[in-house]
Amino acid sequence: MIVRHCAGGVVFYANKVLILKNDRGEWTLPKGRIDEGELAYDSAIQRVKAETGVDCRIMDVAGNTMYEFFSRSRQQQVCNAIAWYIMETDSTDYILREDFSEGGFFKVKQAIEMLTHSKEKSLVDISYKKYKELKKAVPERTPAVEG
């Protein structure tokens, strides 16, 4: 079995989260393989950008998941070990890579219902609670007032 180390993002814009529909018809979160010598943190930001065109920043660690699947291209089982990060973006604009048929920012409750895998459903639920706590702890950036 091939083990792939991956990184991805649970990307929030207010009360919405970014999800994608892959070529298997599964709703999922943006993620991808960590290249040799690359840090998971950097890889997560790059994979979100590559798959969706979304610029985001990491707020915290979300957790880790592992799952196995049969790779049609490799004709064997693959295990993905994924490091997830809670991310935030300033815009709901996105551009899907061609291997995704649908995607976008959906209200968290709706996205949880749409996601195919239970691990990602739980990940979004827990990450959103943490995201809201992080937002309360950090005051909004306000422009300086001249006086």
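The values are calculated or read from the model by the stated rules, or taken from the named source; none is laboratory data. Here the structure is a predicted model, which is why all the values come from computation and not from measurement. Glycine gets a Cβ as well: all are built from the backbone with ideal geometry, and neighbour counts include every protein chain shown.
Is at least one residue of the range 99-113 in a helix (DSSP H, G or I) and in contact with a strand residue (DSSP E or B) (Cβ under 6 Å, 6 or more places away or on another chain)? Even if it seems obvious, please write down each step before you answer.
Taking the range 99-113 and keeping what is in a helix (DSSP H, G or I), we get 108-113.
Among the residues that remain, those that are also in contact with a strand residue (DSSP E or B) (Cβ under 6 Å, 6 or more places away or on another chain) are: 108, 111.
Looking through the range 99-113, at least one residue is in a helix (DSSP H, G or I) and in contact with a strand residue (DSSP E or B) (Cβ under 6 Å, 6 or more places away or on another chain).
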Notebook entry, point to check: Among the numbered criteria (1) of a type in the set (G, A, S); (2) part of a strand (DSSP E or B); (3) out of contact with any His (no Cβ under 7 Å at 6 or more places or on another chain), which single criterion is violated by A81?
Noted result: (3)
Next item on the list: Identify the single condition in (1) touching a Leu at 6+ places or on another chain (Cβ under 8 Å); (2) under 17 Å from T28 (Cβ atoms) that V78 does not satisfy, given that it satisfies every other one.
Entry: (1)
Next item on the list: Scan (1) more than 15 Å from G8 (Cα to Cα); (2) without any contact (Cβ under 8 Å) to a residue 40 or more places away in the chain for the single condition D42 breaks and write down its number.
Entry: (1)
Item checked: Elements of type strands (runs of 3 or more DSSP E) in the range 1-61, at least 3 residues being modelled with pLDDT under 95 and surrounded by fewer than 18 Cβ atoms within 10 Å (Cβ to Cβ) -> 2-13
Item checked: Tabulated pairs, the range 112-128, first modelled with pLDDT of 95 or more, second part of a helix (DSSP H, G or I) and small (G, A, S), C-beta under 7 angstrom, 6+ apart or interchain -> V124/A111
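Kindly indicate the residue of the range 62-95 that is of a type in the set (A, V, I, L, M) and surrounded by fewer than 16 Cβ atoms within 10 Å (Cβ to Cβ) and also farthest from the chain's Cα centre (by Cα) among those meeting that condition.
Here the residue is V78.
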Next item on the list: Being surrounded by 14 or more Cβ atoms within 10 Å (Cβ to Cβ) and not hydrophobic (A, V, I, L, M, F, W, C) is the filter; apply it to the range 98-118 and report the residue that is nearest to L20 (Cα to Cα).
Entry: G103
Check: Could you give every pair whose Cβ atoms fall below 7 Å, whose first residue belongs to the range 54-71 and is among the charged types (D, E, K, R), and whose second residue is modelled with pLDDT of 95 or more and assigned to a strand (DSSP E or B), counting only separations of at least 6 or pairs across chains?
Finding: R57/M87; R57/E88; D60/I86
